[in-house]
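The block underneath contains the structure these notes are about, expressed in structure tokens.
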Amino acid sequence: MIEPARAALIVIDMQQGFIDAASPLCIAGAAATIPACAQALAAARSLGMAVFHVRREYAEDGSDVEAVRYATWAEGGKPLSSAWPESLACPPELEPLPSETVVIKPSWSAFFGTGLHERLAAAGMRTVVLAGTTTPNCVRSTAYDAMALGYNVVVLADATSSRTPAVQEANLEDMAFVGCQIITAGTLAERGLETVRDIAGDATRAADRGRQSAEAVPEKQAMPVEPRSENATPALASIETVSTGWINKYLLHYTLPDGRPYTYEGVSRKGPERYEAALTALGAGEAPVPDAVCIVPVLPDGSVLLEREFRYPLNSWCISLPAGLIDAGESMEEAVARELAEETGYQLRSDVTSPVRPLPQPGFSSTGLAEENVHVVFAQVEPAGAAAPESGELIEPFVLSRAEIRAFLDANQTPIGTRCQLILEMLAAS
């Protein structure tokens, strides 16, 4: 299933110059699609999809009007230019939110000369849902460019328009034949992206499997994932408390598989009873209970919220992601919301159905030293107010766009947390 955070709704040319019957560039079927476009817009916002409003805006002197359209444009009052400002506006139902991007295109396709592809790619988006007008021209050219660039392309049949129903039907049929997925705004509103296939992703994964098969290591060289037998696992005999405080030190007394005793030093923020319970559960193969959260905050435009924080054990500032311990009785979602508010002044987005997406399981921070685990959580966030860190916390939140990540990593000389570094590398690569 397509993740809404990796998909964008692109609303094309829904401006009065193409909708108003007084304009010589009016498309006969465009006005009737305004309710469906509004329905698609509301659905995309609810799902947490990015929204791009793509528009045409001509110079008043006509220097950038398409040659095939110039005579009609010049003799018809110069719509979609400052000579007829009302024609540049969109219907009130389709007004962009402040967080949504308006893209001015110089020609038919939304990808031609706009930087739209770079913005989508930087945000890790691989699926585009198209609405607007006209289906044979701007919608279709956008769809073909998107497929050429490797996107899944979805066209909303009832939120796109042509000069006649016959032209609309023929173009939708042609686009479906070459690989566009045709659904309705109602389907998007009711089922989200549930019916949309990840055609581009499936093709990439199939190619990867083929390449991996060709390069596969012979089976006899493969490393085992599980111990060869239960008897090969050391047995925890006892736990000795060495010192207690904010950090507790322990001696772990083991019996090795060959019967020899072995002692290992460990530390934990847990007291003796909780520490023993945690190690016993892990030794029995039980799923770990998350101790802390590490938050990857993503803004509506795909930017990532980071922190510069003074870390006392380093005697230095450090680049990191918002993170913190999960308090007793607190759910993971509550911990995410609290840490965001305290450290950054941001909050989980209220217009997204599921703003928190944790990785499948928590990871362990330092397996050679401690049993503490951290659950990495991707969160859709928005500004809310002033941060409220604790008195000893010195934190400076800052935002990094996807396009800036690679250059930032290459130039950064400030110490950086491992999780933060790896996640930024992943986002830069995607």
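Every residue in segment 26-36 that is touching a residue at least 40 places away in the same chain (Cβ under 8 Å) and assigned to a helix (DSSP H, G or I), please. Correct list: A32, T33, I34, P35, A36. Does segment 117-130 contain any residue that is open to solvent by 10 Å² or more (accessible area, probe 1.4 Å), in contact (Cβ under 8 Å) with a residue 60 or more places away in the chain and either under 15 Å from L25 (Cα atoms) or touching a Pro at 6+ places or on another chain (Cβ under 8 Å) (or both)? No, because not a single residue in segment 117-130 is open to solvent by 10 Å² or more (accessible area, probe 1.4 Å), in contact (Cβ under 8 Å) with a residue 60 or more places away in the chain and either under 15 Å from L25 (Cα atoms) or touching a Pro at 6+ places or on another chain (Cβ under 8 Å) (or both). Within segment 344-364, one or more residues are open to solvent by 40 Å² or more (accessible area, probe 1.4 Å) and farther than 30 Å from A7 by Cβ.
Residues being more than 26 Å from A121 (Cα to Cα) and among the basic types (K, R): count how many of those fall in segment 37-83. Adding up the residues that qualify gives 2.
Determine whether T418 is β-branched (V, I, T) and touching a residue at least 60 places away in the same chain (Cβ under 8 Å).
no
Return the only residue of V196, V217 being at pLDDT 90 or above and farther than 30 Å from E276 by Cβ.
After ruling out the rest, the residue left standing is V196.
Here is the figure for segment 149-194: residues that are in a strand (DSSP E or B) and of a type in the set (D, E) total 1. Among the residues that make up segment 12-19, is at least one of them in contact with a Cys (Cβ under 8 Å, 6 or more places away or on another chain), hydrophobic (A, V, I, L, M, F, W, C) and assigned to a helix (DSSP H, G or I)? Looking for residues that are in contact with a Cys (Cβ under 8 Å, 6 or more places away or on another chain), hydrophobic (A, V, I, L, M, F, W, C) and assigned to a helix (DSSP H, G or I), one finds at least one in segment 12-19, hence yes.
Flag set for S303, criterion: touching a Ser or Thr at 6+ places or on another chain (Cβ under 7 Å) and modelled with pLDDT under 95.
As for segment 406-419, it holds at least one residue that is within 25 Å of L282 (Cβ to Cβ), at pLDDT below 95 and open to solvent by 40 Å² or more (accessible area, probe 1.4 Å). Against the definition (at pLDDT 95 or above and among the β-branched types (V, I, T)), how does V129 come out, yes or no? For V129, the condition - at pLDDT 95 or above and among the β-branched types (V, I, T) - is met. With respect to the conditions (1) surrounded by 20 or more Cβ atoms within 10 Å (Cβ to Cβ); (2) of a type outside the set (S, T, Y); (3) on the phi > 0 side of the Ramachandran plot, G77 falls short on a single one, namely (1). Close Cβ contacts (under 8 Å, 6 or more residues apart or on different chains) running from residues in segment 87-115 that are in contact (Cβ under 8 Å) with a residue 60 or more places away in the chain and open to solvent by 30 Å² or more (accessible area, probe 1.4 Å) to residues that are of a type in the set (S, T, N, Q) and part of a loop (DSSP other than H, G, I, E, B) comprise L88/Q15; L88/S81; L88/S82; A89/Q15. When segment 278-323 is filtered for residues that are open to solvent by less than 20 Å² (accessible area, probe 1.4 Å), of a type in the set (G, A, S) and in a loop (DSSP other than H, G, I, E, B), the ones remaining, listed by number, are G302, S303.
The values are calculated or read from the model by the stated rules, or taken from the named source; none is laboratory data. Just so it is clear, the structure is predicted and the values come from calculations on it, not from any experiment. Cβ: placed from backbone, ideal geometry, glycine included. Neighbour counts: every protein chain shown. Just so you know, the surface numbers come from the protein's heavy atoms only, side chains and all, with ligands and any DNA or RNA stripped out. Shrake-Rupley method; radii C 1.70, N 1.55, O 1.52, S 1.80 Å.
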